[in-house]
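Visitor: Before I ask anything, here is the structure I am working with.
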Amino acid sequence: MSTVNIRTWDQKNPKATPIYWIRPIQAWYPLPSLAFALTGLDASPSTDIHLSASYQWIEKGSNPTYNAILDSRNTIIHSATCSWLEIPANHPVLRTGTYNMNERLTLAGGPKYIPIEFSQPFIRKAKVVVFLNGMHFDKNHNWRVGVEAIDATDKGFTLKLWTWRSTIVLELGVTWVAYPEGTPGITSGDISTISFTSWEDPQPRNAWYKSFVGEAVFGSSPRIFFGLNSCDFMAGTAFRLATEVVEGPETNQYGFLWRANTWSDSKMYSTGMGYLAFDPNF
């Protein structure tokens, strides 16, 4: 979803109230789990950089409905985007959850390692992909952060959060999605601009083809859920980032084309994304 579906980029949202989308869904019971991930932002550098994507149930009865929410708190935003995935309750393969960090993350303090335990063990070792659903940076230092799932087992995994150099991260929100490793019809992973361009020679426009060969076999184009899992931007100019999985012939059962772009005077040293691709009938 994108704020530009509600207002144009030049109708900036000073000290924004949350922006809501009302989303009716099919009458699932129990209610589904919802996974949210940030995918883009155009924010003024005059205040701390804050954005979070979340949801709130407003009707849980015969017509289940929820608000999908983008909240920028005191940050002045021109636009913001996120993606989300509805996972039926008691799904035989997919599980999701979130973690919120409400303390400072700095180089001096070192990475944070958070143990995450699944509500029930998987039948075998889990594959876990993680996404940022919220971030809050001090405006006076470059905006850098990374999140990663490590040491996965059938019972859980460790969530690693880190930053570098002078960055001060004030808050982070992370979404994780897990499934048994080797499950047919599903694959996941990480992609980054660092794979094809150095942070020392940053490019404003970046595109890369991600192949599924050797990862999964799909009979048709899979559904793809994606979102940010790292970023490195220069402070002092607007935080401008747009990512997408390109719709069209470049995205099919063999792989997908993704883009990570910035514009104007913004400087993006790197951007990383997580992806989850699965059969539409999964």
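Visitor: Report Rg(Cα)/(2.2 N^0.38 Å) for the range 211-282, keeping two decimals.
Guide: Here the Cα radius of gyration is 1.32 times the empirical estimate.
Visitor: Whenever you get a sec, compute what percent of the accessible area on the chain sits on carbon and sulfur atoms (1.4 Å probe).
Guide: Percent of accessible area from carbon and sulfur atoms in the chain: 49.
Visitor: Over the chain, with the other protein chains present, what is the accessible area per residue in square angstrom, probe 1.4 angstrom?
Guide: 46 Å²
Visitor: Normalised by the number of residues in the chain, what is the relative contact order in percent for Cα pairs under 8 Å and 6+ residues apart?
Guide: Dividing the mean separation by the residue count of the chain yields 20 percent.
Visitor: Taking 2.2 N^0.38 Å as the expected size of a compact globular protein, what ratio does the Cα radius of gyration of the range 155-282 give against it, to two decimals?
Guide: Here the Cα radius of gyration is 1.16 times the empirical estimate.
Visitor: Based on the alpha carbon coordinates of the range 65-139, what radius of gyration and maximum Cα-Cα distance (Dmax) apply, in Å?
Guide: Cα radius of gyration and Dmax of the range 65-139 are 16.3, 46 Å respectively.
Visitor: Further, regarding this structure: By average Cβ neighbour count within 10 Å, what is the ranking of 245-256, 139-150, 224-235, 49-60 from highest down?
Guide: Listed from highest to lowest mean packing, they are 224-235, 139-150, 49-60, 245-256.
Visitor: Quantify how much of the Cα-Cα distance distribution of the range 126-174 extends past 14 Å, in percent.
Guide: Within the range 126-174, distances greater than 14 Å cover 53 percent of Cα pairs.
Visitor: In the neighborhood of Phe122, defined by Cβ-to-Cβ distances under 14 Å, what is the net charge if each Lys or Arg adds +1 and each Asp or Glu adds -1?
Guide: Net of charged neighbours comes to +2.
Visitor: Further question: Counting pairs of Cα atoms in the chain, how many percent are more than 34 Å apart?
Guide: Roughly 17 percent, once rounded to a whole number.
Visitor: A further question follows. Listed here are the pairs Lys60/Lys155; Lys127/Lys267; Lys60/Lys112; Lys155/Lys210; Lys125/Lys160; Lys160/Lys210; which of them are more than 26 Å apart at the Cα? Please list the in-between numbers first.
Guide: Working: Lys60/Lys155 30 Å; Lys127/Lys267 33 Å; Lys60/Lys112 36 Å; Lys155/Lys210 29 Å; Lys125/Lys160 18 Å; Lys160/Lys210 24 Å.
The pairs that break the limit, which is 26 Å between Cα atoms, are Lys60/Lys155; Lys127/Lys267; Lys60/Lys112; Lys155/Lys210.
Visitor: Next up: So for the range 91-200, Kirkwood radius off the Cα pairs, Stokes-Einstein at 10 °C and 1.306 mPa s: how many µm² s⁻¹?
Guide: 105 µm²/s
The values are calculated or read from the model by the stated rules, or taken from the named source; none is laboratory data. Note that the coordinates shown come from a computational prediction; the quantities given were computed from them, not determined experimentally. Neighbour counts are summed over all protein chains in view; Cβ atoms, including those assigned to glycine, are modelled from backbone coordinates with ideal geometry. In case anyone asks, the SASA skips ligands and DNA or RNA and just uses the protein heavy atoms, side chains included. Shrake-Rupley method; radii C 1.70, N 1.55, O 1.52, S 1.80 Å.
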